2 protein chains.
Amino acid sequence: MTVSRVLNNSGRVAPETRLRVEQVIRELGYVPNALATGLFKGRTRTIALIVSDISNPFFTVIVRGVEDLAQRNGYTVVVGNSDESVEKERQYVASLISKRIDGLLITPAGNGSRRILEALGRRGSPFVLIDRDVEGVTADSVTGDNVAGAKLLTQHLIELGHRRIGFINGRRELSTSRDRQRGFEMALRERGIELNPVLIGDNAHRRDEAYRVAHQLLELPPEERPTALIAGNNVLVIGVIEALRSAGLAVPEAMAVVCFDDLELASALDPFLTVVAQPVRSFGTIAAQFLLERLNGEADVQPRRVVLTPELVVRRSCGAGLGPLVI
Amino acid sequence: MTVSRVLNNSGRVAPETRLRVEQVIRELGYVPNALATGLFKGRTRTIALIVSDISNPFFTVIVRGVEDLAQRNGYTVVVGNSDESVEKERQYVASLISKRIDGLLITPAGNGSRRILEALGRRGSPFVLIDRDVEGVTADSVTGDNVAGAKLLTQHLIELGHRRIGFINGRRELSTSRDRQRGFEMALRERGIELNPVLIGDNAHRRDEAYRVAHQLLELPPEERPTALIAGNNVLVIGVIEALRSAGLAVPEAMAVVCFDDLELASALDPFLTVVAQPVRSFGTIAAQFLLERLNGEADVQPRRVVLTPELVVRRSCGAGLGPLVI
DNA sequence: ATTTATTGTGTTACGTGTAACATGGATGAG
DNA sequence: CTCATCCATGTTACACGTAACACAATAAAT
């Protein structure tokens, strides 16, 4: 008990006793058992972060932001990789509940995440959604303005003279994909361009699917074939570029290409891709901030929703600077 | 007790009782408290991974590999970011000891990590070194053959006709940097090329330092100035390329550039950099495998050291295919 | 029918830290 | 000198799961 008081600076301990305790602690290399404390106090000072793909630089930056903030506030971060699978999420959350983590940050894999998050909520564990919303779930969230982002990209291409713009979009189930597609369609409508549904290749899960979908668009008859492509994210765009390379089409001369989300290192190496960049790190830090505030009871009962503004970064792949294309 | 027996399939439980227990478990949404189990059993089925930079794709791939294997074996991964700081490592390990993690995977920040790891070892927690060795520490380790890698890069440049090769190397304290430099020097010696110490800009901690060091090499008098540069890793190379760009030097025409470690997405986007690639994912999975085996008591007392072979990936930045340079 | 073995369930104690209360001694007020 | 107050430390009980042992009831063996 006295040792506990010394370590926590709680209650009163005679200065001389304190010194003696500290001495013995050093001699024995004693480290208090956080499991026991957690068991007693019902909180573990541990939060979890489940991302849908840890090897994607986009999520990596989020991990870093979260880790940074958590560390500074004395929290430990457990990282999980859901691989875009709700089932894996479920397993993770089960294990995390068992380990009595204090809260969760998640880039949900889909609308199926709803049940999982509701179960978590019923247990009293707060959670914050990052990057993606889940239908029917009201919680703190930090997302990007995907409608606005898509409009920026689309408008930019239109201004460069493109009329037939292809859209290779990500998983239909994700709020980001839906919003991006909506923004795309809105931008076209606003400029009076008719939407050709053939030009939307949606629901690409991975890079190789983006490759395939892009190829399909390239096989359209010349009068329908797009002159520019928008890729739904930073990974899909790689598949798109690979498809163009395999078809012998130069970017941006034969085909303009733009996408969502910057690849920091790749862009530094070669500022090539025109993108809509998001303040990704803030996704992580703000979400972590929200969660920590909730854990400290500093947050309103009302969920907070932050929507961060994207920014158009014009580089070479859109063909800007080459003058508008005439086709 | 009976509930415990049902959940763990241990001891005997009447089938009818088992059903009844399972029913109630479902009704109450009961999830056993892993803290209590951990407290009692003295193991938590949690391992930690401390990397020196989570936002670096190189380490990210390791994180993914580790997470994957751990997850499949019922372990949870706590991820820490040391930011190349031994002090941060120390804080982390202290917190992890307190949380009674079962073992640690670490890309150590330097030789100062020795004391930390020794302290961990005294507590009986096994650990595995990834990517880097620490002087005086004998433990399981998974590293790359950095001497061989450096030789591959250097020989390749020599074969392309380069005689004055600059080397922008990473932190002197890291075994990887030292080995790479050694391989570089060996390759030069083997081909009878005299080593000019001015051409080695070592101990660059970050990208901006690589930028600065590269600039210094460019300011050498023409007869000393290198015609090719080797960057110590995938981040430093960005700084080097930026320096060349700011100096108006085209790669590879005016300066060949090669480096260690591939950037998967960047290379897919544009296969530009000639690199020595390492089987990075295996770094993570093999290390995790070693740790799990040790935790299961399946491992020898003898530490195991695996050295993975790097591979030269020739692309455009070295100028291969343009024919040897004549200078 | 009696002994032995088997089966299913319950009890106790432990791992470790800490809130709440208890205790004994010293100090101070009256 | 006595009673109240304060201070430092100790005790007890709890958080929760589980190994080890105990026990009653049944089944099998003699």
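Structure above, values below:
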item: Long-range neighbours under 8 Å by Cβ, at least six apart or interchain, first residue assigned to a loop (DSSP other than H, G, I, E, B) within the range A:1-21, second near DNA strand D (Cβ under 6 Å from one of its atoms); result: A:Val13/A:Thr2
item: Filter result (among the acidic types (Asp, Glu) and open to solvent by less than 30 Å² (accessible area, probe 1.4 Å)) within the range B:245-278; result: B:Asp261
item: Out of A:Arg206, A:Arg191, sole residue that is within 23 Å of the chain's Cα centre (by Cα) and among the basic types (Lys, Arg); result: A:Arg206
item: Residue within the range B:49-70 that is more than 23 Å from B:Leu265 (Cβ to Cβ), modelled with pLDDT of 95 or more and not hydrophobic (A, V, I, L, M, F, W, C) present; result: no
item: The range A:305-320 residues that are more than 24 Å from A:Asp140 (Cβ to Cβ), paired with ones that are of a type in the set (Gly, Ala, Ser) and in a strand (DSSP E or B) (beta carbon under 7 Å, 6 or more apart); result: A:Val313/A:Ala277; A:Ser317/A:Ala256; A:Cys318/A:Ala256; A:Gly319/A:Ala256
item: Matching option when the condition is surrounded by fewer than 18 Cβ atoms within 10 Å (Cβ to Cβ), of a type outside the set (Lys, Arg) and in contact with a strand residue (DSSP E or B) (Cβ under 9 Å, 6 or more places away or on another chain), among A:Asp202, A:Asp208; result: A:Asp202
item: Residue in the range A:24-43 that is away from DNA strand C (no atom under 11 Å from the Cβ) and surrounded by 17 or more Cβ atoms within 10 Å (Cβ to Cβ) present; result: no
item: Members of the range A:155-176 found to be in contact with a helix residue (DSSP H, G or I) (Cβ under 8 Å, 6 or more places away or on another chain) and not in a loop (DSSP other than H, G, I, E, B), listed by number; result: A:Gln155, A:Ile158, A:Ile165, A:Gly166, A:Phe167, A:Ile168, A:Ser175, A:Thr176
item: Filtered residues of the range B:65-98 (kept if charged (D, E, K, R) and surrounded by 22 or more Cβ atoms within 10 Å (Cβ to Cβ)); result: B:Glu67, B:Glu89
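Listed here are the residues, each with its yes/no results for (1) within 11 Å of chain A (Cβ to nearest Cβ); (2) of a type in the set (Gly, Ala, Ser); (3) under 19 Å from B:Leu174 (Cβ atoms).
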{"residue": "B:Thr37", "(1), (2), (3)": "yes, no, no"}
{"residue": "B:Ile62", "(1), (2), (3)": "yes, no, yes"}
{"residue": "B:Tyr75", "(1), (2), (3)": "yes, no, no"}
{"residue": "B:Glu89", "(1), (2), (3)": "no, no, yes"}
{"residue": "B:Ile97", "(1), (2), (3)": "yes, no, no"}
{"residue": "B:Asn111", "(1), (2), (3)": "no, no, yes"}
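The values are calculated or read from the model by the stated rules, or taken from the named source; none is laboratory data. These numbers were taken from a predicted model, which means no experiment stands behind them. No Cβ is skipped: glycine too gets one built from the backbone with ideal geometry, and neighbour counts run over all protein chains shown. In case anyone asks, the SASA skips ligands and DNA or RNA and just uses the protein heavy atoms, side chains included. Shrake-Rupley method; radii C 1.70, N 1.55, O 1.52, S 1.80 Å.
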